[in-house]
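First up is the structure itself, then whatever we jot down about it.
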Ligand code: GTP
Ligand code: MG
């Protein structure tokens, strides 16, 4: 019987790998998706140039990380064209003014099915829906950290062929269970991808390296390094980005042969049974578990939905930002129930 059980289990994991690959394929955008996004990006750039001649729209989010599924939105941020000004602060009032101006230009162009200006939001944005492509698009101001963290995610996704399918499946699972919406107290798509990367950094042996811990002898990443945000704070955004070289070097390390099915089971087991929600923090910056105590996230902070820091995930650049902070007690309990149910179901 033991042999028979093992056989059933092996068959099950092999089938899971095939099913997960099928889900991954079904989520892929059509072949012309990239060209369509580029064309929309260029049209929007032309429109924006009339009100912000010294600024350029840069893509971030899943169009950059390679994790865009069919119909994913296009995330854009307005940045100074001259790299010398890239770190300069743009006061929030000026961001709000720009948002109003851009929204007006978009309205007047007649190319948009929807235009919403949100100048007073914590992150001022213009939300659009393009008539021609049907794509949704958010334009924010000076979000250099998001551009850089999207590039960091892209590098991780290129380092191992299992990373992208696993991230797609987990994002898809979170969407289907409605646990991928920070506005309603669950982790963002971005946060789920950080959890996947962290899991792959902490398997035994590790499948992904820690890019913020590797240093090249050459000058660090051209537009990374020290970044100053519009509110005057500074962030160390260096990471090793020579993916080709690293892939070659990784070939010499002990390989972890886990299949996609095994990794999916392992990911859900991690957050259903193993992760210490009370004490631990996930951190892709270090590829390790940090403690809430060390991050000073073990104190209750009043004023923001009572309890928080219930499921702690450190942002790779904005180290004081816990991406799990959006969760209150009922939301965290609901999420843990969903994770446990998935792990039991396998
Ligand atoms: P889909 O739109 O579902 O395909 O996912 P996405 O990869 O575009 O992720 P999401 O829409 O959640 O976020 C878009 C980008 O915004 C991410 O890639 C990050 O660069 C950035 N971002 C999202 N949430 C946060 C956050 O809480 N903190 C920071 N610093 N950046 C964030
Ligand atoms: Mg997006």
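One table, with the values for the structure above:
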| read-out | value |
| --- | --- |
| Spin-label pair residue 289/residue 85, simplified geometry with 7 Å Cα→Cβ offset, distance in nm | 4.8 nm |
| Nearest 10 degrees, 0 to 90: helix 2-27 Cα axis against the chain principal axis | 10 degrees |
| Three semi-axes of the equivalent ellipsoid, the range 146-345, Cα gyration tensor, whole Å, largest first | 27, 23, 14 |
| Per-residue Cβ neighbour rank within 10 angstrom, fewest leading, 69, 178, 62 | 178, 69, 62 |
| Segment residue 340-residue 131, extension gain: residue separation times 0.36 nm, minus the distance between their alpha carbons | 71.1 nm |
| The chain: angle of helix 329-345 to the longest principal axis, Cα-based, in degrees nearest 10 | 50 degrees |
| Residues 75, 236, 241, sorted so that the one with the fewest Cβ neighbours within 10 Å comes first | 236, 241, 75 |
| Exposure proxy order (Cβ contacts within 10 Å, fewest to most) of 79, 141, 327, 36 | 36, 79, 141, 327 |
| By average C-beta atoms within 10 angstrom, highest first, the peptides 156-166, 114-124 | 156-166, 114-124 |
| Bins of 10 Å, starting at 0 and running to the largest distance - Cα pair percent for the chain | 5, 22, 32, 26, 12, 2, 1, 0 |
| Degrees separating the helix 33-49 axis from the principal Cα axis of the chain, which is the longest one | 30 degrees |
| Per-selection Rg to Rh, the range 33-142 - Cα, Kirkwood hydrodynamic radius | 0.94 |
| Candidates 11, 33, 130, ranked by Gaussian network fluctuation over the chain, Cα under 10 Å, top entry | 11 |
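A short reminder: the numbers here are calculations on the coordinates, not readings from a lab. Computed from a prediction, not measured in an experiment: that's the story for all the values here. Heads up, the Cβs are rebuilt from the backbone with ideal geometry, glycines too, and the neighbour counts pull from every protein chain shown.
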